[in-house]
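**Q** First the structure, then my questions, so here it is.
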């Protein structure tokens, strides 16, 4: 049984502190990728689009992920700088979801994270025209080989079209599994980033 069942977590006042507690527990219990996050955006017609990304930072400023700005998600964000995310930790029977406006992280932040990635991943960021049609696997491998040769010596710089985004949540919901589907749900809301949070329990 979830150790926070019985409503203990529903008395929390700081959503980011509660998220940090849950996330740290997920890092020790989740078999694969505790930072896997479903990211939802909308296209020009308002049709929702969702895919898995990796959550790279969670602070009181928001939730950060990185991507190619020329990808489908990047173009959708450029048109509508709002998004939603959810992390589901099956091992803990918990999930956290949030939504709000999106802002780009600074170039310095993007540079620092890009430099921390494996060299092969940095090469891949140059080689992949993310979300666009690929004529063959060979074409991708050829592009990887070309950039590997180009950056054979020294550091691999960050592509100008690659960087981070921060979801600045207007709403964060914590969900914990309950017996007979009587789950515990606690939602935090605020009118603006500088405004205080209000909390409310929800029916399962």
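**Q** When the range 157-166 is examined, which residues are found to be assigned to a loop (DSSP other than H, G, I, E, B) and either under 29 Å from residue 87 (Cβ atoms) or in contact with a strand residue (DSSP E or B) (Cβ under 6 Å, 6 or more places away or on another chain) (or both)?
**A** Correct list: 158, 159, 161.
**Q** Please go through the range 172-201 and pick out each residue that is exposed (fewer than 15 other Cβ atoms within 10 Å of the Cβ), on the phi < 0 side of the Ramachandran plot and not in a strand (DSSP E or B).
**A** 179, 182, 191, 192, 193, 194, 195, 196
**Q** Take residue 20 and tell me if it is surrounded by fewer than 17 Cβ atoms within 10 Å (Cβ to Cβ) and either touching a residue at least 40 places away in the same chain (Cβ under 8 Å) or touching a strand residue (DSSP E or B) at 6+ places or on another chain (Cβ under 8 Å) (or both).
**A** yes
**Q** Identify, from the list 115, 143, 127, 148, the residue that is in contact (Cβ under 8 Å) with a residue 24 or more places away in the chain and either under 15 Å from residue 67 (Cβ atoms) or touching a helix residue (DSSP H, G or I) at 6+ places or on another chain (Cβ under 6 Å) (or both).
**A** Working: 115 fails: either under 15 Å from residue 67 (Cβ atoms) or touching a helix residue (DSSP H, G or I) at 6+ places or on another chain (Cβ under 6 Å) (or both); 143 fails: in contact (Cβ under 8 Å) with a residue 24 or more places away in the chain; 127 fails: in contact (Cβ under 8 Å) with a residue 24 or more places away in the chain.
Result of the check over 115, 143, 127, 148: 148.
**Q** Looking at residue 204 and the list (1) assigned to a loop (DSSP other than H, G, I, E, B); (2) buried (at least 18 other Cβ atoms within 10 Å of the Cβ); (3) in contact with a strand residue (DSSP E or B) (Cβ under 7 Å, 6 or more places away or on another chain), which single condition is not satisfied?
**A** If we test residue 204 against (1) assigned to a loop (DSSP other than H, G, I, E, B); (2) buried (at least 18 other Cβ atoms within 10 Å of the Cβ); (3) in contact with a strand residue (DSSP E or B) (Cβ under 7 Å, 6 or more places away or on another chain), just (2) comes out false.
**Q** Here is a follow-up. Could you tell me which residue of the range 25-44 is farthest from the chain's Cα centre (by Cα), considering only residues that are free of Cβ contacts under 8 Å to residues at least 24 places away in the same chain and assigned to a loop (DSSP other than H, G, I, E, B)?
**A** Narrowing the range 25-44 to residues free of Cβ contacts under 8 Å to residues at least 24 places away in the same chain: 27-28, 32-33.
Subset that is assigned to a loop (DSSP other than H, G, I, E, B): 32-33.
Details: 32: 15, 33: 12 Å.
Among those residues, the one meeting the criterion is 32.
**Q** Next question. Residue 169 versus (1) at positive phi; (2) in a loop (DSSP other than H, G, I, E, B); (3) buried (at least 17 other Cβ atoms within 10 Å of the Cβ): which is the lone unmet condition?
**A** (1)
**Q** Going through the range 30-42 one residue at a time, which ones are surrounded by 12 or more Cβ atoms within 10 Å (Cβ to Cβ) and out of contact with any strand residue (DSSP E or B) (no Cβ under 6 Å at 6 or more places or on another chain)?
**A** Matches in the range 30-42: 33, 34.
**Q** Here is a further query. Do the conditions hold for residue 154, that is, is it surrounded by fewer than 16 Cβ atoms within 10 Å (Cβ to Cβ) and free of Cβ contacts under 8 Å to residues at least 60 places away in the same chain?
**A** yes
**Q** Just wondering, is there one or more residues in the range 48-57 that are closer than 24 Å to residue 127 by Cα, out of contact with any helix residue (DSSP H, G or I) (no Cβ under 7 Å at 6 or more places or on another chain) and in contact (Cβ under 8 Å) with a residue 40 or more places away in the chain?
**A** no
**Q** Among the strands (runs of 3 or more DSSP E) lying completely within the range 45-148, list those that include at least 3 residues that are under 15 Å from the mean Cα position of the chain (by Cα), buried (at least 18 other Cβ atoms within 10 Å of the Cβ) and on the phi < 0 side of the Ramachandran plot.
**A** Values: elements: 48-54, 57-59, 62-68, 82-89, 94-104.
In the range 45-148, the matching strands (runs of 3 or more DSSP E) lie at 62-68, 82-89, 94-104.
Every read-out reported here was derived from the displayed coordinates using simple, explicitly stated rules and does not represent laboratory data. Quick caveat, the model's predicted, so the values are computed rather than measured. Methodologically, a virtual Cβ is constructed for each residue, glycine included, from the backbone with ideal geometry; neighbour enumeration extends over all protein chains shown.
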